[in-house]
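All remarks here apply to the structure that follows.
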Amino acid sequence: MSKHSLYQVDAFAEQLFSGNPAAVMVLDDWLSDDLMQAIAMENNLAETAFVRCNDGNYDLRWFTPTHEVAFCGHATLATAHVLFSELNEENEITFNTNQVGTLKVKSVSNNRYQMDFPTFGPEKFDAVPQLLNELFPNDQFELFRNFENFFVVLESEADVRGYQPNLEKISQFGEIGLVITAQADPGQPYNFVSRYFVPGAGIPEDPVTGSIHSTLVPYWSTKLGKSHLQAFQASKRGGHLDCELHNDRLFIRGSAVTFFKAELKLPT
């Protein structure tokens, strides 16, 4: 048996049992894809991140309980938190990824970090899937997509908060996620709200999702005429994201807290 450390971190959280939990494994080299997928399935969290050092930078991969994904924000935040707080990383961290290029994270204060992500502007549908029309027959006023998600803009914050997802139907999108969003009510300390569902990837509702904001922030920045936006993901756990556009990059600031460190005994 080989021994490996596993961390569980609440990302986009200032205290335990809030934000979005992610697992993190720091490796000398990749395990087999099958073994990493099995670990993610066993963890049964929205994401398990695997990271290895590579010539002063880090290679980063993310797995849901069912498959490897192209991009995950909260698990990136969790990974950076482990490297800074548990493994004494001091400089800005550069992550190399397979599909979304270079991600950077720096510490801005105790357990608070700034992530530097690419943006993926909203794209028009070539043809709107019939299932989206069935899920939202009356109340959508705008639809768009990016490379991994569908987005539906609803009339009000109350519509987003009160939405009852038909997870069986949404799961028919497979690995494509569904984001619902709306402008915040007047007087709120944030500019827009969202929720995110990917039951086809083993994530009924994700508590707080960094990656979707790489498309939501460009959308709402254009709508609201602001480059610095406060976002709130209105899941049961909930989470705030401090977001700022810089040309084609997005800065997201958030905190993270370590829940536990465990030792895994894996087959060799």
Quick check on my filter: what residues within the range 173-193 are farther than 20 Å from LEU131 by Cα and in a strand (DSSP E or B)? ALA182, GLN183, PHE192, VAL193
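Would you confirm, using the coordinates I've provided, whether THR48 is crowded, with 24+ Cβ neighbours inside 10 Å, more than 15 Å from ILE252 (Cα to Cα) and under 13 Å from the mean Cα position of the chain (by Cα)?
yes
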Give me a count of the residues in the range 125-152 that are surrounded by fewer than 17 Cβ atoms within 10 Å (Cβ to Cβ), under 22 Å from the mean Cα position of the chain (by Cα) and free of Cβ contacts under 8 Å to residues at least 40 places away in the same chain. 0
Test: THR76 is in a helix (DSSP H, G or I) and either acidic (Asp, Glu) or closer than 22 Å to ALA46 by Cα (or both): yes
Condition met for VAL160 (crowded, with 23+ Cβ neighbours inside 10 Å and farther than 20 Å from PHE125 by Cβ): yes
Would you please name the residue that is nearest to PRO165 (Cα to Cα), looking only at residues in the range 246-268 that are touching a Pro at 6+ places or on another chain (Cβ under 9 Å) and surrounded by fewer than 19 Cβ atoms within 10 Å (Cβ to Cβ)? PHE259
Taking SER109 as meeting all but one of (1) touching an Asp or Glu at 6+ places or on another chain (Cβ under 9 Å); (2) surrounded by fewer than 19 Cβ atoms within 10 Å (Cβ to Cβ), write down the number of the exception. (1)
Going by the conditions given, is ASN111 touching a residue at least 60 places away in the same chain (Cβ under 8 Å), polar (S, T, N, Q) and in the same structural domain as GLU14 (by TED's automatic domain parsing)? yes
Output yes when any residue across the range 1-22 is out of contact with any helix residue (DSSP H, G or I) (no Cβ under 9 Å at 6 or more places or on another chain), crowded, with 24+ Cβ neighbours inside 10 Å and not in a strand (DSSP E or B), and no when none is. yes
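In the range 79-91, what residues are of a type outside the set (Val, Ile, Thr) and either within 19 Å of GLN8 (Cβ to Cβ) or in a strand (DSSP E or B) (or both)?
Passing the criteria: ALA80, HIS81, LEU83, PHE84, SER85, GLU86, LEU87, GLU89.
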Across the range 58-91, which residue is nearest to MET115 (Cα to Cα) among those that are in contact with a strand residue (DSSP E or B) (Cβ under 9 Å, 6 or more places away or on another chain) and at pLDDT below 95? ASN91
What are the residues in the range 52-73 that are among the aliphatic types (A, V, I, L, M) and either within 10 Å of ASN96 (Cβ to Cβ) or assigned to a loop (DSSP other than H, G, I, E, B) (or both), if any? LEU60, ALA70
Would you pick out the residues in the range 215-263 that are closer than 30 Å to SER32 by Cα and either outside any strand (DSSP E or B) or out of contact with any Asp or Glu (no Cβ under 9 Å at 6 or more places or on another chain) (or both)? PHE260, ALA262, GLU263
Scanning the range 181-207 for residues that are over 17 Å from ASN20 (Cβ atoms) and hydrophobic (A, V, I, L, M, F, W, C), the one surrounded by the fewest Cβ atoms within 10 Å (Cβ to Cβ) turns out to be ALA184
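The values are calculated or read from the model by the stated rules, or taken from the named source; none is laboratory data. Since the model is a prediction, treat every value here as computed from it, not as a measurement. Methodologically, a virtual Cβ is constructed for each residue, glycine included, from the backbone with ideal geometry; neighbour enumeration extends over all protein chains shown.
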